Ligand code: SF4
Ligand code: SF4
């Protein structure tokens, strides 16, 4: 035991002081849309996307794309395929949002278009984030896993000495009874729907729900199958969405900070991820 | 590996299997399923000479039944239950005939992978309601755990029947994360199927993509470049490295040596960094696909080598502290014991089989990237207990580190990815076998007349191994269950698909 303690002391502090830094060069994050216009008639990104996250539409003869990060499994194929650089790799780990529609990026110059496109995916959030200030100092989270385990492992990693999310007051707890937040991973297929709802039902208000990973948001690659693995949309109200497959531990921490109302610690890089308008 | 389909009538199948899968035989059952509900498909493997045999036994349509194989060959027990779940084929005389993966939420006559119509007189013999095995007797009580677990892990249900603190019986009910992966793999265009194959169990993403790629390439009859083969093997070993490190760390958590688990968590981070270097993804997602791999720069490869060398140095003291800790050893010794004979009978694979002396590591048997040529020698133990499993894992961390170094040194220049034909050939069969960090992983693909994938079957190593926990934990204390479970480190999603 003494050996272990002396080893740990020798290792010093592993924790990263820089909160939610950008990904290292060459590491794949989510895609983003830049202000470089799309070339008309090109469907390269649509053709390669495994989850139909991208669609192309036209406004006055110029091509535009819509990219739903809630469907994206961050495979990076569209980034590689895009000939113009309209889609690029987003190195930011600060990708969590509190409204589903904010995950939909477009090159459209018309805001109304954005809203219309996003309307179908809009989710009402009854226990709204207004209440988040309750959890500003600390939040106890219960995790329900319904997926492939990578999201869970990254959440586990967020608690390791490198990322150390406990320093932000985040605790993972073993019972819904004393949880403030419900973190859901995986596409929630038929087998887990009842269990998830009863877990939510066992939590006291105010309570918040965090959808961790693309599966939880939309079902990802499993969407539309016979097992109804379509994500959380029709099951529970959601407060924060963390896209990615799996999201980076920093993105997970970012999402929890957003849920706690502490995103000031790691603000979103607005110009990067929000809709970028095309200068004509 | 190219596979010939061999037609074999049902009665012959029984005889053949009884003759082949004996106690001392080298052959093993790889997989047992159906293509569309009209036949039984048995995949037999011969690890000794690296060959495989695929037996197709047509079923009489009006009967929809066959004599169960389980009473004589225990390893069929889950395969037959899954076969009913997916195809509605009844194994007559199965001693524990119940649903395996589909729960009450599904309609009674719903068989998702069945393509031919059910016989007119089909009578569903199995209600959806699941009944657990009941242990009766004074003082015996039941302890239900799950599907949602206390920690951050995948869901499953454990039903313990206990007498005092001793576990008399453990029944495991899975299927909670059944997402319909096999069906989905037949619905997407085959060029995009590797993304779905990876998501079958993303902690095994690389091995799944690898097995998928081998299976598709065997259908197409192509061989990828030397460089791609080296890079694939490096990626597979990086996945093993990261997962073995965290699994050894997990033993620390459950024994109460939190220093070990936090040190291992940090070192796993380093291993994931190496995965990032080769693939741009901590979980090696999207790296391997049919035809090759994503490009990797020479600089990154040499950084991987440097990383491996420093990891070896960093891991040594932590592993030594764990191995020398008397308390840890006592917590693991003789607990959760699995006998060699039962492991063999149930066709168990991977670390838990090697920990009771079964010398099977598919890297040494079946072609996968640069293996068997550059495969490390096998690590085995005889104890069959938690300690033995941990020792095998620790031994494999060492051999894996060496293997990665060797592979990086030998990796030639060249193309990373080749162009593949647009279409798969009609009525073909493809097989991919990979030694994932949990053990033998199999992908088996059938195409139809149009060259589309008509059946995609995955056999995760955990599918055979789950039964090991039920066996090993009997007569043990309930407090030892978490540690025993951790030492087996099984996959829920890979099993449930
Ligand atoms: S990165 Fe996302 S949007 Fe782009 S192709 Fe992959 S899944 Fe589709
Ligand atoms: S989002 Fe990706 S990593 Fe997370 S559960 Fe789904 S498939 Fe797995």
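Restricting B:268, B:312, B:282 to those that are within 16 Å of ligand 1 (Cβ to nearest atom) and more than 30 Å from residue B:446 (Cα to Cα) reduces the list to B:282. What number of residues within segment B:18-38 are more than 20 Å from residue B:358 (Cα to Cα), at pLDDT 90 or above and not in a loop (DSSP other than H, G, I, E, B)? Qualifying residue count for the region: 2.
For every residue, the table says whether it meets (1) in contact with a helix residue (DSSP H, G or I) (Cβ under 8 Å, 6 or more places away or on another chain); (2) touching a residue at least 40 places away in the same chain (Cβ under 8 Å); (3) assigned to a strand (DSSP E or B).
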site: B:356; (1), (2), (3): yes, no, no
site: B:363; (1), (2), (3): no, yes, no
site: B:366; (1), (2), (3): no, yes, no
site: B:374; (1), (2), (3): yes, yes, no
site: B:402; (1), (2), (3): no, no, no
site: B:414; (1), (2), (3): yes, yes, no
site: B:423; (1), (2), (3): no, no, no
site: B:440; (1), (2), (3): yes, yes, yes
site: B:443; (1), (2), (3): yes, yes, yes
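Scanning segment B:57-91 for residues that are closer than 17 Å to residue B:103 by Cα and in a helix (DSSP H, G or I) yields a total of 10.
You will find that of B:445, B:458, the residue that is within 23 Å of the chain's Cα centre (by Cα) and either away from chain A (no Cβ under 14 Å) or at pLDDT below 90 (or both) is B:445 and no other. In the set (1) assigned to a strand (DSSP E or B); (2) within 15 Å of ligand 1 (Cβ to nearest atom); (3) crowded, with 17+ Cβ neighbours inside 10 Å, the condition left unmet by residue A:27 is number (1).
Hey, any hits in segment B:189-209 for a residue that's modelled with pLDDT of 90 or more, farther than 25 Å from residue B:372 by Cβ and touching a strand residue (DSSP E or B) at 6+ places or on another chain (Cβ under 6 Å)? Yes, segment B:189-209 contains a residue that is modelled with pLDDT of 90 or more, farther than 25 Å from residue B:372 by Cβ and touching a strand residue (DSSP E or B) at 6+ places or on another chain (Cβ under 6 Å). Just wondering, is there one or more residues in segment B:241-251 that are crowded, with 24+ Cβ neighbours inside 10 Å, modelled with pLDDT under 90 and over 19 Å from residue B:406 (Cα atoms)? No, because not a single residue in segment B:241-251 is crowded, with 24+ Cβ neighbours inside 10 Å, modelled with pLDDT under 90 and over 19 Å from residue B:406 (Cα atoms). Quickly run through segment A:142-171 and pick out the residues that are in contact with a strand residue (DSSP E or B) (Cβ under 7 Å, 6 or more places away or on another chain), more than 12 Å from every other protein chain (Cβ to nearest Cβ) and either within 21 Å of residue A:190 (Cβ to Cβ) or part of a helix (DSSP H, G or I) (or both). None; the set is empty. Restricting attention to segment B:476-494, the residues being part of a helix (DSSP H, G or I) and either out of contact with any helix residue (DSSP H, G or I) (no Cβ under 9 Å at 6 or more places or on another chain) or more than 11 Å from chain A (Cβ to nearest Cβ) (or both) number 11.
Given the structure, is residue A:164 touching a residue at least 12 places away in the same chain (Cβ under 8 Å), away from ligand 1 (no atom under 16 Å from the Cβ) and at positive phi? Quick ask: steps written out before the conclusion?
Working: touching a residue at least 12 places away in the same chain (Cβ under 8 Å): yes; away from ligand 1 (no atom under 16 Å from the Cβ): yes; at positive phi: yes.
So residue A:164 passes the test.
Of the residues B:137, B:151, the single one that is at pLDDT below 85, surrounded by fewer than 19 Cβ atoms within 10 Å (Cβ to Cβ) and part of a loop (DSSP other than H, G, I, E, B) is B:151. Looking only at residues of segment A:27-48 that are more than 15 Å from ligand 2 (Cβ to nearest atom) and within 20 Å of the chain's Cα centre (by Cα), we find that the one that is modelled with the highest pLDDT is A:31. Every condition in (1) out of contact with any strand residue (DSSP E or B) (no Cβ under 8 Å at 6 or more places or on another chain); (2) within 14 Å of chain A (Cβ to nearest Cβ) is met by residue B:145 except one, and the failing one is (1). In segment A:172-186, the residue that is farthest from residue A:139 (Cα to Cα) out of those that are facing chain B (nearest Cβ under 9 Å) and buried (at least 24 other Cβ atoms within 10 Å of the Cβ) is A:186.
Across segment B:325-335, a minimum of one residue is classified as in contact with a helix residue (DSSP H, G or I) (Cβ under 6 Å, 6 or more places away or on another chain), part of a loop (DSSP other than H, G, I, E, B) and surrounded by fewer than 21 Cβ atoms within 10 Å (Cβ to Cβ). Against the criterion of being within 11 Å of chain A (Cβ to nearest Cβ) and under 27 Å from the mean Cα position of the chain (by Cα), residue B:286 qualifies. Of all residues assigned to segment A:144-166, at least one qualifies as being within 17 Å of the chain's Cα centre (by Cα) and more than 16 Å from ligand 2 (Cβ to nearest atom).
With respect to the conditions (1) within 12 Å of another protein chain (Cβ to nearest Cβ); (2) at pLDDT below 85; (3) in contact with a helix residue (DSSP H, G or I) (Cβ under 8 Å, 6 or more places away or on another chain), residue A:16 falls short on a single one, namely (3). Going through segment A:192-219 one residue at a time, which ones are under 19 Å from residue A:241 (Cα atoms), assigned to a helix (DSSP H, G or I) and within 16 Å of ligand 2 (Cβ to nearest atom)? Hits for segment A:192-219 are A:193, A:196, A:214, A:215, A:216, A:217, A:218.
Restricting segment A:48-70 to residues that are part of a strand (DSSP E or B) and out of contact with any helix residue (DSSP H, G or I) (no Cβ under 7 Å at 6 or more places or on another chain), the residue that is nearest to ligand 1 (Cβ to nearest atom) is A:67. Every test in (1) surrounded by 24 or more Cβ atoms within 10 Å (Cβ to Cβ); (2) in contact with a helix residue (DSSP H, G or I) (Cβ under 8 Å, 6 or more places away or on another chain); (3) over 23 Å from residue B:112 (Cβ atoms) is passed by residue A:136 save one, and that test is (1). Evaluate segment A:80-87: report whether one residue or more is within 13 Å of another protein chain (Cβ to nearest Cβ), over 23 Å from residue A:230 (Cα atoms) and surrounded by fewer than 16 Cβ atoms within 10 Å (Cβ to Cβ). For segment A:80-87, residues within 13 Å of another protein chain (Cβ to nearest Cβ), over 23 Å from residue A:230 (Cα atoms) and surrounded by fewer than 16 Cβ atoms within 10 Å (Cβ to Cβ): present.
The values are calculated or read from the model by the stated rules, or taken from the named source; none is laboratory data. None of these values were measured; they are calculated from a predicted model. All Cβ positions, even for glycine, are placed from backbone atoms using ideal geometry, and neighbour counts span all protein chains on display.
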